[in-house]
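The values are calculated or read from the model by the stated rules, or taken from the named source; none is laboratory data. Remember, it's a predicted structure, so these values are computed and weren't measured experimentally. Counting neighbours? That spans all protein chains shown, and the Cβs are built from the backbone with ideal geometry, glycine included.
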Amino acid sequence: MQLQGTIPSANWRYHEMRRPVGFLPATLFSIAKSIKSSTKSGRNSCPTLMATISTVSTEKEGVINSDAQSRKTQIPVQVAERLEKFKTTIFTQMSMLAIKHGAINLGQGFPNFDGPEFVKEAAIQAIREGKNQYARGYGVPDLNSAVAARFQKDTGLVVDPEKEVTVTSGCTEAIAATMLGLINPGDEVILFAPFYDSYEATLSMAGAKIKAITLQPPDFSVPINELKAAISKDTRAILINTPHNPTGKMFTREELNVIASLCIENDVLVFTDEVYDKLAFEADHISMASLPGMYERTVTMNSLGKTFSLTGWKIGWAIAPPHLTWGVRQAHSFLTFSTSNPMQYAAAAALRAPDSYYEELKRDYMAKKAILVEGLKAVGFKEVGVVAIPTSVFYLNPEEGKNLVRFTFCKDEDTLKGAVERMKEKLRAR
C-alpha cells in the first residue's frame with residue numbers, strides 16, 4: 001500500500017514525499033488494487049433514474065380496482081444536455097452510503113465539530129441588530145474590507161475592497177461566477193487532474209472545452225512539457241487549486257513561475273482556488289496573484305468554511321482586478337445576487353482573528369492527521385465500515401484514479417480513533 005496525502009477536501013503529502021504538500025483535512029492513499037464502487041462511473045452518461053406517479057381510483061368509480069392503484073407511470077428524469085454526464089456528487093453519494101451502512105464518514109470534508117465561539121457570537125449579534133435583509137450584491141463593506149486586509153497581510157498586495165473584492169455564496173459560487181462571467185463557449189480551460197468535481201460541471205455549463213493535465217503520484221508534480229503542449233491559441237485560462245484537492249499537493253514556487261511565464265507569453269488568465277491556504281504543513285502557501293505580472297490576469301477565490309469550520313455558512317469571495325471583476329460580478333448578480341447578510345458581518349470578525357488562531361488550527365489538525373495516517377498505515381483497506389472517497393471521479397479518465405482513495409480528517413479525535421479501531425477490528429476478524 002503506497003501512502004499519499006490528502007485534505008478535508010483535498011490531499012497533502014507526508015514526510016515521505018519529496019515535494020511540500022498542503023493540508024486539507026483529508027488524506028489520500030494509494031491501494032494495491034482498484035476499488036470498485038457504484039460511484040466509480042460518476043462521469044458517464046446520465047443514469048436512467050425514473051420518477052413514479054401513482055394512479056389512484058376515486059370513490060365515484062364505484063369499485064376500486066387494485067390493479068389501477070398499483071399501476072405506475074414511468075417518467076424519465078430530465079436534464080439539459082450539458083449536464084447529462086454528471087451524477088449526484090460523489091460527496092453526497094458517499095455520505096448517504098455512510099448513513100445507510102452505519103459507517104464512520106471520513107469521506108465528505110465537513111467538520112463534525114463547531115466553529116469558534118467568537119465568530120458565532122458575531123453572527124448572533126448581527127442578527128439581533130437587524131442585519132437580516134438583502135445584503136449589498138457584491139458584499140457588505142465590512143467584509144470586503146476584511147478580505148482585502150487579510151489578502152494584503154498574506155500576499156503583500158493592496159487591493160480596492162470596493163472594486164476588486166466580490167463576496168459570493170461559498171467558493172463554489174465564486175468558481176461558477178468566474179467561469180460563467182469570463183469564459184465563452186468554445187474557450188479552452190486547462191485543469192490539473194485530479195480536480196474538484198465542481199470545476200468540470202461549471203465549465204460544461206459555460207460551454208468551455210476542457211483540457212486536463214494529470215498530476216502523477218507520488219509527488220504530483222506539474223508535467224511542464226505537457227502543459228506547454230496543451231496551450232493553444234484558444235486557451236483562455238488555467239485553473240489552479242493550491243493547496244490541491246484531493247491530493248494535498250502544494251504548487252511550488254518554481255512550478256508557479258513557469259505557469260506564470262506561460263500565461264503572460266500566451267495571454268492566458270489564471271483562476272486560483274485557494275480555500276485551503278491556511279491548512280498547509282510542510283511549506284508556506286504561495287498565491288499566484290503575488291507573482292510578478294500576474295495580479296492583472298488572476299482571479300483568486302477563497303472562502304471562510306474550511307479555515308473556520310463553518311462550511312454551512314457558505315461565505316466565499318473572489319479577488320480580481322477591476323477588468324476581470326466586472327465579469328465575475330455580472331454572473332454573480334444573476335446566480336445568487338447577494339449572500340447571507342448577518343453571516344458576512346461574522347465572517348469579517350473571523351478574518352480579523354489574530355495569528356494565534358491559525359497557529360492553533362494547524363497544531364490541532366496536525367494531531368488529527370497523525371491519528372489517521374498512523375492508523376491507515378497499520379490497517380490497510382477492506383470493507384470495514386469506514387467511508388472514504390474513490391478518486392476516480394476527480395479525473396476525466398477515471399482509470400487514472402482507480403488506485404487512490406481520499407480520507408478526510410476534519411473530524412474530532414474520538415471519531416478518527418473510532419474509525420481506526422473499527423478498521424483494525426474488522427481486519428483482525430478476517
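Can you pull out every residue in the range 257-279 that is buried (at least 19 other Cβ atoms within 10 Å of the Cβ) and of a type in the set (Ser, Thr, Tyr)? The answer is Thr272, Tyr276. Picking from residues in the range 399-422 that are among the aliphatic types (A, V, I, L, M) and either over 16 Å from Lys377 (Cα atoms) or modelled with pLDDT of 80 or more (or both), the one that is surrounded by the most Cβ atoms within 10 Å (Cβ to Cβ) is Leu416. From the list Ala289, Ala283, which residue is of a type in the set (A, V, I, L, M, F, W, C), in contact with a Ser or Thr (Cβ under 9 Å, 6 or more places away or on another chain) and at pLDDT below 95? After applying the criteria, what remains is Ala283. Can you name the residue in the range 296-346 that is assigned to a loop (DSSP other than H, G, I, E, B) and of a type outside the set (A, V, I, L, M, F, W, C) and is also farthest from Gln125 (Cα to Cα) among such residues? Among those that are assigned to a loop (DSSP other than H, G, I, E, B) and of a type outside the set (A, V, I, L, M, F, W, C), it is Pro321. Quick check: is even one residue across the range 177-185 over 30 Å from Ser392 (Cβ atoms), modelled with pLDDT of 95 or more, of a type outside the set (Asp, Glu) and out of contact with any helix residue (DSSP H, G or I) (no Cβ under 9 Å at 6 or more places or on another chain)? No, that holds for no residue.
Which residue is nearest to Ala318 (Cα to Cα), if the candidates are limited to the range 247-273 and must be modelled with pLDDT of 95 or more and among the small types (Gly, Ala, Ser)? The selected residue is Ala260.
Each row is one residue, and each column tells you yes or no for (1) over 19 Å from Val119 (Cβ atoms); (2) assigned to a loop (DSSP other than H, G, I, E, B); (3) assigned by TED's automatic domain parsing to the domain that holds Arg297.
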position: Arg150; (1), (2), (3): no, no, yes
position: Val159; (1), (2), (3): yes, yes, yes
position: Glu173; (1), (2), (3): yes, no, yes
position: Thr178; (1), (2), (3): yes, no, yes
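Across the range 280-331, which residue is surrounded by the most Cβ atoms within 10 Å (Cβ to Cβ) among those that are closer than 20 Å to Gly170 by Cα and among the charged types (D, E, K, R)? Of everything passing the filter in the range 280-331, Lys306 is surrounded by the most Cβ atoms within 10 Å (Cβ to Cβ).
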